[in-house]
Every structure is written in C-alpha cells, then in structure tokens.
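Colleague: Sharing a structure with you now.
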Amino acid sequence: MREPLLLVGASLAALAVALGAFGAHGLRQRLGEAIATWETAVFYHLIHALAIVVIAALARSGVDLTGLRPAGWLFCVGIVLFSGSLYLLALGGPRALGPITPLGGVAFIAGWIWLAVAAVRDGVNP
C-alpha cells in the first residue's frame, strides 16, 4: 500500500534537519536575536514531521488509520503556516506574516485533537 504521508513526512523531517543546521552554522551571526525564532520554527517543524512519519508508518504496517490520516495532513499545513512564517519572519520578512503563525498553531492543535478523537473512537480508553 502506498502511503504519501511517509514520503511527505520523511522529506519534511530531512528539511527540518537541514534548516536547523543552516540556522546554527550559516545564519546564527546574521540573525542575531532572531535565531530564537528560527530555532522555534525548526523545533515545531521537526516534531510534526516525525509525527507524520509515525502515522504513515502505522498505516504501512497494516493498521487501519483512515481516520488518522487527516491529522497528518493538518500537521503538514501547520508546518507550512507556523514554521514557514517563522522562518520568513526570522529572515526579515514582512511583519504582515505574523498573523499567519497562529493559524499554523491552530492546524497543529487540530491535528492532535483529531488523533485523540480517532483514538477514542477506535476504542482507546483513557
């Protein structure tokens, strides 16, 4: 069974590591205090890329994750909006990007809630 989330998640994880290294070695002096913004973007980017990989790996293992895949796609949206806007802001992008960041955070939260609801629906008891 082909699982596009595996390719997407693995690619996003590789990109997060590359951007983290680039920030640490190539941008630290240039960004000054904005390096903290860059590091926050990398942190959330990598965590959610790994979550996407876990969802995809479970799907490939035969677990029926039809109800969980939307969470993976919400994490993708969150990475683009949250981390993407922070990367651009750290690089001196227009402050008008600031309101986009919370939309990415909402996508992350929605993805985690989606996972929790799917787990309860599939019989996981707290």
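FYI, it's all coordinate maths here, none of it is from the lab. It should be emphasised that the depicted structure is a prediction, and the values quoted were computed from it without experimental measurement. So basically every Cβ, Gly included, is an ideal-geometry build from the backbone, and we count neighbours across all protein chains shown.
Colleague: Fewest to most neighbouring Cβ within 10 Å: what's the order for I79, I35?
Modeller: I35, I79
Colleague: Taking the chain as the reference, fit the longest principal axis to its C-alpha atoms, fit the long axis of helix 35-60 to the helix C-alpha atoms, and give the angle between the two in degrees, 0 to 90, nearest 10.
Modeller: Its long axis makes an angle of about 20 degrees.
Colleague: Now, a different point. Which angle between 0 and 90 degrees, to the nearest 10, do you get for helix 4-22 versus the longest principal axis of the chain when only C-alpha atoms count?
Modeller: Here the helix axis deviates by roughly 20 degrees.
Colleague: Right, something else. Quick one: angle between helix 100-121 and the longest Cα principal axis of the chain, in degrees between 0 and 90, rounded to 10, please.
Modeller: 20
Colleague: Over the chain, what is the relative contact order in percent, taking alpha-carbon pairs closer than 8 angstrom and at least six residues apart?
Modeller: Details: 147 pairs, mean separation 33.6, N = 126.
That works out to 27 percent.
Colleague: Here's another thing I want to ask about it. Using the crude model of +1 on Lys and Arg Cβ and -1 on Asp and Glu Cβ, and no other charge, please compute the dipole size for the chain relative to its Cα centre, in debye to 20.
Modeller: 160
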